[in-house]
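Input: a single structure, listed below in structure tokens.
The values are calculated or read from the model by the stated rules, or taken from the named source; none is laboratory data. All values reported here derive from a predicted model rather than from experimental measurement. Positions of Cβ are backbone-derived with ideal geometry, glycine not excepted, and every protein chain shown enters the neighbour counts. Each accessible area value is taken on the protein alone, full model and side chains, heavy atoms only, with ligands, DNA and RNA left out. Shrake-Rupley method; radii C 1.70, N 1.55, O 1.52, S 1.80 Å.
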Amino acid sequence: MDVKFLYCPKCKELRVKPWYSMRDRCARCNDDVRVIEVPRSILTYMVYILTAVAFALIFLHTREDNSLFLYTAVALVVAMMVIQFKEMARGEKYARSKIKVTSSDREALRKKGWT
């Protein structure tokens, strides 16, 4: 499943769509939003692989009671979090590039930290 960002033209807000959200509506004003799907990259697949390996190592730790498996799994989870943060930043940058800024929106977006 691809990551989706929701852009509300009324509020000028760009947010990640929660996985549990059924409707494409703004969380603030409940208005219609524009859905921006971010394509997967190699980092996305790395997160999937690291998650599977971490679960496998935790399973091996419970079977063999070797602490090295547990410490390695924790290190992989930390690495996975770092990669996920980088991937979310890439996704936000991609989503912002897909939003056409009009001259009337420029000041409102500048106040929110957009350049």
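Please report the Cα spread of segment 1-65 along all three principal axes, rounded to whole Å, starting with the longest.
56, 23, 16
Sorted by mean Cβ packing within 10 Å, highest first, what order do the peptides 60-67, 6-13 take?
Result, highest mean first: 6-13, 60-67.
Only helical DSSP H runs with n ≥ 4 go in: add -39500 (n - 2.57) per run for the chain, normalise by residue count and round the 222 nm mean residue ellipticity to 500 deg cm²/dmol.
-18000 deg cm²/dmol
Starting from 0 in steps of 10 Å, tell me what percent of the Cα-Cα pairs of the chain lands in each bin.
Reading upward from the zero bin: 13, 32, 25, 17, 10, 3, 0.
Return one number: the angle in degrees, 0 to 90 and rounded to the nearest 10, between the long axis of the Cα atoms of helix 42-64 and the longest principal axis of the Cα atoms of the chain.
Result, in degrees: 30.
Could you look at the chain and say what percent of its accessible area is carbon and sulfur, using a 1.4 Å probe and all protein chains?
Summing carbon and sulfur atoms, their accessible area is 61 percent of the total for the chain.
In square angstrom, what is the accessible area per residue of segment 1-43 with a 1.4 angstrom probe?
Accessible surface, normalised per residue, equals 70 Å².
Hey, which aspartates and glutamates would be in cross-link range of residue 98, C-alpha to C-alpha under 19 Å, not counting anything within fewer than 8 residues on its own chain?
Of all the aspartates and glutamates, those that pass the test against residue 98 - Cα under 19 Å, at least 8 places apart if same chain - are 2, 13, 24, 32, 37, 87, 107.
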